[in-house]
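K.L.:
For reference, the structure I am asking about is given below.
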Amino acid sequence: MNQFHSDKWKSVIREGSAGLGIHVTSQQAEMMAVHAEELMRWNRKTNLTAITDPMDIAVKHYIDSLIPLHKIAENTSLIDIGTGGGFPGIPLKIVRPSLCVTLVDASRKKVNFLKQVIRLLNLENIEAVHARIEEMGNDPQYRESFDTAISRAFTDLERFAGLASPFLKNRGQLIAMKSRKTEEEVKSISGFPKPPVVETYTLPFQGAVRSLIIL
Ligand code: SAH
């Protein structure tokens, strides 16, 4: 899997991100290559991702994960719910090292993978928790503790809002990252102080459309 460490793969990440106004250093792109290589190694035995083409991984996993970066301030805390192989939490942590990150997944194998990646990358102020999110919301260690709760490809917006809200501090934000049409889901949401903000964007190189819903 040396292709991840190639200049070409890293320049796809760096140039694609730059086109979206996100600066990724070559060292950060190298950290993503380490994560991606480990992801493919584990993926032979454990189903972590259906995406296996290196170019697709660069765009659909890494660049896509960085899209919410401009919504996430320095020195804040973030919980990534249903993080799977670490998306978006790991790429966000790599590019915003001051972020304090909690990754949560109900799959033990995925959490074991994430712990290994955290070790390999020497990341600090990040933990991977094996839990069903329904069971974490009452834990005082996590309740009302985060500036941002985020998820990508986790569940519908209404369920995400219900499950994620207990984790937010006062004035915290929820961010749902979606690949499909979102209007119906957005209409289903009520009870928040402000109407949801939907930002639609196009991924570089491949033109796939994604959206962020911010509550
Ligand atoms: N965010 C990742 C993975 C999406 S797949 C990505 O975008 O690539 C959804 C993930 O949510 C799976 O890894 C699954 O194990 C996890 N999951 C599903 N239900 C969950 C629950 N109730 N609590 C925690 N994690 C859950």
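K.L.:
Pairs under 8 Å by beta carbon, first residue in a strand (DSSP E or B) in the stretch 97-109, partner more than 6 Å from the ligand (Cβ to nearest atom) and among the basic types (Lys, Arg), six or more apart or different chains?
P.N.:
VAL101/LYS93
K.L.:
Could you grab me the full set of residues in the stretch 152-178 that are open to solvent by 20 Å² or more (accessible area, probe 1.4 Å) and part of a strand (DSSP E or B)?
P.N.:
Passing the criteria: ARG152, LEU168, LYS169, ASN170, ARG171, GLY172, GLN173, LYS178.
K.L.:
If you don't mind, another one. Counting just the residues of the stretch 2-33 that are more than 27 Å from TYR201 (Cα to Cα) and surrounded by 13 or more Cβ atoms within 10 Å (Cβ to Cβ), which one comes out modelled with the lowest pLDDT?
P.N.:
Across the stretch 2-33, the extreme among qualifying residues is GLN3.
K.L.:
Here is a follow-up. If ALA149 passes every condition in (1) within 13 Å of the ligand (Cβ to nearest atom); (2) open to solvent by 20 Å² or more (accessible area, probe 1.4 Å); (3) part of a strand (DSSP E or B) but one, which one does it miss?
P.N.:
Condition not satisfied by ALA149: (2).
K.L.:
Let me ask something additional. Go through the stretch 103-127 and give me each residue that's open to solvent by 10 Å² or more (accessible area, probe 1.4 Å), within 23 Å of LEU66 (Cβ to Cβ) and within 13 Å of the ligand (Cβ to nearest atom).
P.N.:
ASP105, LYS110
K.L.:
Tell me, please, whether a residue that is closer than 27 Å to ASN47 by Cα, within 15 Å of the ligand (Cβ to nearest atom), within 19 Å of the chain's Cα centre (by Cα) and assigned to a helix (DSSP H, G or I) can be found in the stretch 187-205.
P.N.:
no
K.L.:
Look at LEU39 and say whether it is closer than 19 Å to ILE118 by Cα, at pLDDT 95 or above, open to solvent by less than 50 Å² (accessible area, probe 1.4 Å) and within 15 Å of the ligand (Cβ to nearest atom).
P.N.:
Numbers: closer than 19 Å to ILE118 by Cα: yes; at pLDDT 95 or above: yes; open to solvent by less than 50 Å² (accessible area, probe 1.4 Å): yes; within 15 Å of the ligand (Cβ to nearest atom): yes.
Yes.
K.L.:
Would you say ASN75 is open to solvent by 10 Å² or more (accessible area, probe 1.4 Å), within 23 Å of SER107 (Cα to Cα) and assigned to a loop (DSSP other than H, G, I, E, B)?
P.N.:
It is false that ASN75 is open to solvent by 10 Å² or more (accessible area, probe 1.4 Å), within 23 Å of SER107 (Cα to Cα) and assigned to a loop (DSSP other than H, G, I, E, B).
K.L.:
Then there's this: Please count how many residues of the stretch 126-146 are among the charged types (D, E, K, R) and either assigned to a loop (DSSP other than H, G, I, E, B) or touching a residue at least 40 places away in the same chain (Cβ under 8 Å) (or both).
P.N.:
Final tally of qualifying residues: 4.
The values are calculated or read from the model by the stated rules, or taken from the named source; none is laboratory data. Please read all numbers here as calculations on a predicted model, not as lab measurements. Glycine gets a Cβ as well: all are built from the backbone with ideal geometry, and neighbour counts include every protein chain shown. To get the accessible areas, we keep the full protein, side chains included, count just its heavy atoms, and leave off ligands, DNA and RNA. Shrake-Rupley method; radii C 1.70, N 1.55, O 1.52, S 1.80 Å.
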